[in-house]
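J.: After the structure tokens below, expect a handful of questions from me.
The values are calculated or read from the model by the stated rules, or taken from the named source; none is laboratory data. On a predicted model such as this, the values are computed, not experimentally measured, just so you know. With ideal geometry, Cβ positions are generated from the backbone for all residues, glycine too; neighbour counts draw on all protein chains shown. The area values use the complete protein model at the heavy-atom level, side chains included, leaving out ligands, DNA and RNA. Shrake-Rupley method; radii C 1.70, N 1.55, O 1.52, S 1.80 Å.
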Amino acid sequence: MEAKRDGFASKFGVIAAAAGSAIGLGNIWRFPYVAGENGGSAFILVYLGFVILIGVPVMLSEFMIGRRSQRNPIGAFKRLQPGSKWYLTGVMGVVVAFMILAFYSTIAGWTLHYLYLSVVNAFAGLDEKGLQTLFNNFHTSTMMPLFWQAVFMAMTAFVVIAGVEKGIEKYTKILMPILFIIIVILDIRALTLDGASKGLEFLFYPDFSKITSATILEALGQAFFSLSIGMGVLITYGSYIQKDNDLVNVAVEVSFFDTLIAVLAGVAIFPAVFAFNIAPSAGPGLVFLTIPAIFQAMPGGYFFAILFFFLLFVAALTSSISVLEVVVAYMVEEKNMDRKKASIISTILISILGVLATLSFGVLSDFKIFSKTVFDLLDYASANIMLPLGGLLIVIFVGWVMPLPSVVKEVSSGKKRKKIFKVYYFIIRYIAPVAIGLIFLNGLDVL
Ligand code: PHE
């Protein structure tokens, strides 16, 4: 007996939910600092190349697997290739969901704390040094970061328990456009700072001498992370997409918006980095240092700061629910668990790992595995290793295992799409697997 599946009601709902997953801390927090650590512009060019050449086709492939199978990532492979080991790709996705949400919730918690700080006007009168001290004192402490992380995880669980469509889909449709407008306002302010041109040069004037194989792997990992691909989030969302929605359009639009927001975030942050003498390679604290500094120097900054951190929190939430949804959809569909119970159990388990991630900036900062803190290890292993590996398996599956007629049917969605199909199929059969494989081995220093 098969229960009727929930689904997204409209094309706009699909875009809002999928873009809500893609657009998040990855764009506004991670992209600028990873670009900063990897020398800026040349990294960004490589990143853009990967989004177009590998990101869009992998995203499309995930949507197809989901819509074809009508299942969570583990169930999807079981249904499309029964009796094979392919379901392990989905298992890896569930494991990565744990890893990502554990460290993602650390930063989302920081965002909530900064929202609180902006409400109580705590940045007022602080110079760069003062902001740095504020950030250091907060993120290396124990109680406050854990408290906000717990609040964030509880909210994520709350939304997932309620179901995605009626709550988050409705709100993201309104909130994501507002986020976009705020970032544009920030960009305008940032571009009029003294020293803005240095920031733009750092972003857009490519210096290819900064490219190494490790940088290339970082760019690939960032593309996967930012687009929410390689672990089954978009397989799960794909399973909620109606048959008559055009998957090619959805994949292209979501990737476009995601990239646009990342670039706009970079344009907001780098001029400020140079104007306020912050190191571009300042790491995970970069947004938390630059954004308050920009708002300080801006009329109406008090309100904009509140709005910004609120929307950053919303962006984080619409991403984290998509990650939790993978685990919950699996438990509900494969283990016949009740949705609420599944949400609560998985949230608690993820939070335990999350505590270690959060404390790795403070009391656990000397606790290292493979010479990385727990936070860094979760971040590096998920984005740079497991997501690309998942993506590799996904394109091999669609390119070489799934029967051609199913692939044609899902890509075309009723339209004749001969040319696009040819290009797509060529990429996922040959280009993407070879490219991911090479970058991967090279970046890990195996080649
Ligand atoms: N894409 C999200 C972001 O940029 C993070 C994410 C990664 C969400 C992987 C789902 C899966 O913030």
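J.: Under a point-charge model restricted to the Cβ atoms of Lys and Arg (+1) and Asp and Glu (-1), what is the dipole moment magnitude of the stretch 11-443 relative to its Cα centre, in debye to the nearest 20?
T.: So the magnitude is around 1640 debye.
J.: If I require 24 Å or longer along the helix axis, counting alpha carbons, and a Kyte-Doolittle average no lower than 1.0, what helices from the chain are left? Use full DSSP H segments.
T.: Taking the DSSP H segments of the chain (at least 24 Å long, mean hydropathy at least 1.0), we get 87-119, 143-162, 170-191, 247-275, 301-335, 339-359.
J.: Using alpha carbon centroids, what distance separates the stretch 347-417 and the stretch 252-298, in Å?
T.: Using only Cα atoms to place each centre, the spacing works out to 24 Å.
J.: How compact is the stretch 232-365 by the rule of thumb for globular proteins, expressed as Cα Rg over 2.2 N^0.38 Å?
T.: Against the compact-globule rule of thumb, the ratio is 1.37.
J.: Tell me the accessible surface of R339 in square angstrom (1.4 angstrom probe, heavy atoms of protein chains only), to the nearest ten.
T.: Near enough 70 Å² of accessible area.
J.: Given I100, L186, L53, which one lies farthest toward the positive end of the charge dipole of the stretch 11-443, if we put +1 on the Cβ of every Lys and Arg and -1 on the Cβ of every Asp and Glu?
T.: Projecting each Cα onto the dipole axis, the largest value belongs to L53.
J.: Further question: Please give every one of the lysines within straight-line cross-link reach of K422, meaning a C-alpha to C-alpha distance under 21 Å, and leave out same-chain neighbours fewer than 8 residues apart.
T.: Candidates past the 8-residue exclusion: K409.
J.: Cut-off 10 angstrom, C-alpha nodes, Gaussian network model of the chain. Which of I28, I185, I385 fluctuates the most?
T.: I185
J.: Which lysines, on any chain, are close to K129 with Cα under 26 Å apart, when same-chain ones fewer than 8 places away are left out?
T.: K198
J.: Counting helices only, and only those DSSP H runs with n ≥ 4, report the 222 nm mean residue ellipticity of the chain as the sum of -39,500 (n - 2.57) divided by its residues, in deg cm²/dmol to the nearest 500.
T.: -22500 deg cm²/dmol
J.: OK, next. Bins of 5 Å, beginning at zero and ending with the bin holding the largest distance: percent of Cα pairs per bin for the stretch 309-395, please.
T.: 3, 12, 13, 18, 21, 19, 10, 3, 0
J.: Using +1 on the beta carbon of Lys and Arg, -1 on that of Asp and Glu, and nothing else charged, what's the dipole of the stretch 6-118 about the Cα centre, debye to 20?
T.: Dipole of the stretch 6-118, to the nearest 20 debye: 500 debye.
J.: May I ask which residue of W400, N384, S320 lies farthest towards the positive end of the charge dipole of the chain, with charges of +1 (Lys, Arg) and -1 (Asp, Glu) on Cβ and the Cα centre as origin?
T.: My answer, from the dipole projection, is W400.
J.: Can I ask one more? Two decimals, Cα atoms only, Kirkwood Rh: what is Rg/Rh over the chain?
T.: Looking at the chain, the ratio lands at 0.96.
J.: Computing the accessible area with a 1.4 Å probe over protein heavy atoms, can you report the carbon and sulfur percentage for the stretch 11-443?
T.: 68 percent
J.: Projecting each Cα onto the charge dipole of the chain (Lys/Arg +1, Asp/Glu -1 at the beta carbon, about the Cα centre), which of A122, F440, S141 comes out farthest on the positive side?
T.: F440
J.: With springs connecting C-alpha atoms under 10 Å apart, model the chain as a Gaussian network and identify which of G93, G283, G40 has the largest mean-square fluctuation.
T.: G283
J.: Additional query: Might you work out the accessible area of M143 for me, using a 1.4 Å probe with all protein chains in place, and round it to the nearest 10 Å²?
T.: Solvent-accessible area, nearest 10 Å²: 140 Å².
J.: What length, rounded to one decimal in nm, is gained on full extension from K341 through to V120, with 0.36 nm per residue of separation minus their alpha-carbon distance?
T.: In short, 75.9 nm is gained.
J.: Here's something else I'd like to know. Under a straight-distance cross-link criterion of Cα-Cα below 13 Å, which aspartates and glutamates are reachable from K78, leaving out those fewer than 8 residues away in the same chain?
T.: E333, E334
J.: Okay, moving on. Between F31, F43, F361, where does the largest GNM mean-square fluctuation fall for the chain, given springs only between Cα atoms within less than 10 Å?
T.: F361
J.: Counting only other residues whose beta carbon sits under 15 Å from that of A108, what net charge do I get with K and R as +1, D and E as -1?
T.: 0
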